[in-house]
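The values are calculated or read from the model by the stated rules, or taken from the named source; none is laboratory data. Just so we're clear, the structure is a prediction, and the values are computed from it rather than from any experiment. Using ideal geometry, Cβ is built from the backbone for each residue, glycine included, and neighbour counts are taken over all protein chains shown. We work out accessible area using only protein heavy atoms, side chains counted, and drop any ligands, DNA or RNA first. Shrake-Rupley method; radii C 1.70, N 1.55, O 1.52, S 1.80 Å.
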Amino acid sequence: LLFSGVMDDSPNLPSELRHFVREQWGFETLRPNQEKAIAALLARRDSLVIMPTGGGKSLCYQAPAAFRKDELTVVVSPLIALMKDQVDHLTEAGICAVRVDSSLNDSQRREAFRLLNNKQARLLFASPEKLTSEPFRDFLHSLGVRTFAIDEAHC
């Protein structure tokens with residue numbers, strides 16, 4: 001687990017965020033590395049989070065993104081099935097998340113962009129290829145995106 005800057009060994013996360021995680025995901029406590037990663041994200045520090053499969057990496061970017069009501073987090077993921085699975089789980093939990101990928105039909109794509117334009121979506125999942133599109137990057141810029149998470153970076 002690597003972080004830029006100095007990182008306190010015991011981050012002090014807002015109690016509201018802890019309550020939010022308990023309500024949305026059912027976790028009574030966070031793992032120490034999750035706490036450090038979430039604290040780094042909340043402090044807007046760049047970080048590289050390396051955990052084993054099932055270690056809770058996704059929660060490290062999903063919880064702060066869902067907790068912050070005033071901004072959008074873009075999650076770059078190379079796997080459409082993983083994006084779909086994560087969006088489905090977040091939606092079931094009542095968190096507005098969308099994906100933009102080649103598997104969407106026109107109606108689904110329009111709905112995703114409507115939710116993004118209306119600032120309802122907290123997370124946007126997109127493929128690395130999508131970010132090569134200048135119009136898409138311009139669109140993200142117009143939304144004022146401040147946080148990017150790169151998931152499955154080893155792919």
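A few points about this structure:
- Translational diffusion coefficient (Stokes-Einstein; Kirkwood radius from C-alpha pairs) of segment 1-133 at 4 °C, 1.567 mPa s, in µm²/s: 83
- Based on protein heavy atoms only, the chain ends up with 57 Å² per residue of surface accessible to a 1.4 Å probe.
- Sulfur and carbon atoms: percent of accessible area, segment 2-155 [1.4 Å]: 52
- Helical contribution to [θ] at 222 nm, DSSP H n ≥ 4, -39,500 (n - 2.57), averaged over the chain, rounded to 500: -13500 deg cm²/dmol
- Assigned charges on the beta-carbon of Lys, Arg, Asp, Glu; the chain dipole about Cα centre (debye): 260
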